[in-house]
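Trainee: Encoded as structure tokens, here's the structure I'll be asking about.
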Amino acid sequence: MSEEFLGTKLTMNLGARSYDIILRRGSLENLYQFANLGRRVAVVTDSGVPPIYAQMVADQCKDAVVITVPQGEASKSFKTLESVLNQMLAFGMGRGDLVIAVGGGVVGDLAGFAASIYMRGIDFINCPTTTLSMIDSSIGGKTAIDLGDTKNIVGAFWQPKLVVVDPSTLSTLPRRHFINGLAEAVKAGLLADPELFGIFENGDVDAEVDTIIYRSLKFKKNIVEQDETEQGMRKALNFGHTIGHGIEAVKGIKGRRTNGLYHGECVALGMLPMIESKALQKRTRAVYRRLGLPLRTGYDKEKVLAEMLHDKKAQSGQITVIKVPGLGCWQAKTIPVEGLRTLLGMED
Ligand code: NAD
């Protein structure tokens, strides 16, 4: 157990939009110590998150309503957004009130977006309960819903007022989701943190999960502080996502396609061709094998390429990809879109 990181506070320094990120086991049941809960609070969760977590938060509030949406990506829709907003309105929420997300990235993205537009924006607190949301999606202020098959196309930058990460909630998370989220931490290690990568190579990820979350949050915080709205530096976080999104469109879990791959699994596959050193590629494959992340999917490369070319970022004939020449460093490279074919071929 990584004692030194229990009870850590990080601060996201964004001027007037700065906020604390509390990383502590037991912090969810002590949320009242960190936030003003003496107002109307909408606690948004989904049907797959054990209800005890949202209830634990609601019980600390003066006046709370728990809003439970169906679990899964399909809830990042206008229909569900409207339902959440309607429930907030019916609860009589005003400008000074608060939305708290208790769940994974789906709940965080949906509830954060609802907070950003309700009465032109009200306070939002994120309490992530999946590895993916603890490591990545709960900080940085990106909120969004999907439009049809197009992911995250309608949204806003809306920074939370506070993020409370309680790793003890991971005890109920299904193993595959647990590992899926860790792919984003492997990403952080490859891009900028050899010590973090070392945990995946030699450490005990279950025992060291608090450290993994801490180091990943620190990495993302540094990037977001330098580039809040993704004008440059923040693009590094898209490492693995160009090919990853193509694979996700073809092989991802959505609708009735329930036997596909999760987002982190697709990103993991998408990172491999972007690692320029063969030796590091081999080490990364060994990490995937150790974690149980996929190494290949047997996906149809022509279909993946077609999806990537369809991406609006590739439509100028050129695309910027993030490459990792060696462990802990990265470069943005603009390549002709035909270069994607070569990159995809590298996976064999
Ligand atoms: P998710 O929110 O769908 O959660 C995965 C599943 O685990 C769900 O069925 C959920 O009900 C369940 N669950 C959540 N917490 C649990 C717990 N503690 N115990 C048991 N079950 C639990 O998926 P995710 O991987 O957390 O997030 C994926 C979403 O995040 C995608 O929509 C993606 O677009 C988004 N995302 C956003 C950002 C951002 O910066 N805003 C970054 C990356 C990903």
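The values are calculated or read from the model by the stated rules, or taken from the named source; none is laboratory data. Predicted model, so just to flag it, every value in this text is computed and none were measured. Neighbour counts are summed over all protein chains in view; Cβ atoms, including those assigned to glycine, are modelled from backbone coordinates with ideal geometry. Areas reflect the complete protein model, heavy atoms only, side chains present, ligands, DNA and RNA absent. Shrake-Rupley method; radii C 1.70, N 1.55, O 1.52, S 1.80 Å.
Trainee: Given Asp136, Asp146, Asp123, which one is within 11 Å of the ligand (Cβ to nearest atom), in the same structural domain as Leu81 (by TED's automatic domain parsing) and surrounded by fewer than 24 Cβ atoms within 10 Å (Cβ to Cβ)?
Mentor: Working: Asp136 fails: surrounded by fewer than 24 Cβ atoms within 10 Å (Cβ to Cβ); Asp123 fails: within 11 Å of the ligand (Cβ to nearest atom).
Criteria check complete, one pass: Asp146.
Trainee: So the check is Cβ under 6 Å with 6+ separation or different chains; which pairs have a first residue in the stretch 79-107 that's more than 23 Å from Ser133 (Cα to Cα) and of a type outside the set (A, V, I, L, M) and a second one that's within 16 Å of the ligand (Cβ to nearest atom) and part of a strand (DSSP E or B)?
Mentor: Gln87/Ile67
Trainee: When you go through Thr297, Thr334, Thr284 one by one, which is the residue that is open to solvent by 70 Å² or more (accessible area, probe 1.4 Å) and not aliphatic (A, V, I, L, M)?
Mentor: Numbers: Thr297 fails: open to solvent by 70 Å² or more (accessible area, probe 1.4 Å); Thr284 fails: open to solvent by 70 Å² or more (accessible area, probe 1.4 Å).
Result of the check over Thr297, Thr334, Thr284: Thr334.
Trainee: Among Leu305, Leu280, which is the only one that is modelled with pLDDT under 90 and among the hydrophobic types (A, V, I, L, M, F, W, C)?
Mentor: Numbers: Leu280 fails: modelled with pLDDT under 90.
Criteria check complete, one pass: Leu305.
Trainee: Being within 14 Å of the ligand (Cβ to nearest atom), polar (S, T, N, Q) and either open to solvent by 60 Å² or more (accessible area, probe 1.4 Å) or farther than 19 Å from Thr172 by Cβ (or both) is the filter here, so list the residues in the stretch 28-74 that pass it.
Mentor: Ser47, Gln55, Thr68, Gln71
Trainee: In this structure, is Thr150 within 18 Å of Gly264 (Cα to Cα) and in contact (Cβ under 8 Å) with a residue 24 or more places away in the chain?
Mentor: Considered against the rule, which asks whether it is within 18 Å of Gly264 (Cα to Cα) and in contact (Cβ under 8 Å) with a residue 24 or more places away in the chain, Thr150 comes out as no.
Trainee: Sticking with this structure for a sec: Please specify each residue of the stretch 149-166 satisfying the condition of being within 11 Å of the ligand (Cβ to nearest atom) and either acidic (Asp, Glu) or assigned by TED's automatic domain parsing to the domain that holds Val186 (or both).
Mentor: Across the stretch 149-166, the qualifying residue is only Asp166.
Trainee: Right, next: In the stretch 86-106, which residues are more than 6 Å from the ligand (Cβ to nearest atom) and either open to solvent by 10 Å² or more (accessible area, probe 1.4 Å) or not in a strand (DSSP E or B) (or both)?
Mentor: Pass one, the stretch 86-106, residues more than 6 Å from the ligand (Cβ to nearest atom): 86-102.
Hits for the stretch 86-106 are Asn86, Gln87, Met88, Leu89, Ala90, Phe91, Gly92, Met93, Gly94, Arg95, Gly96, Asp97.
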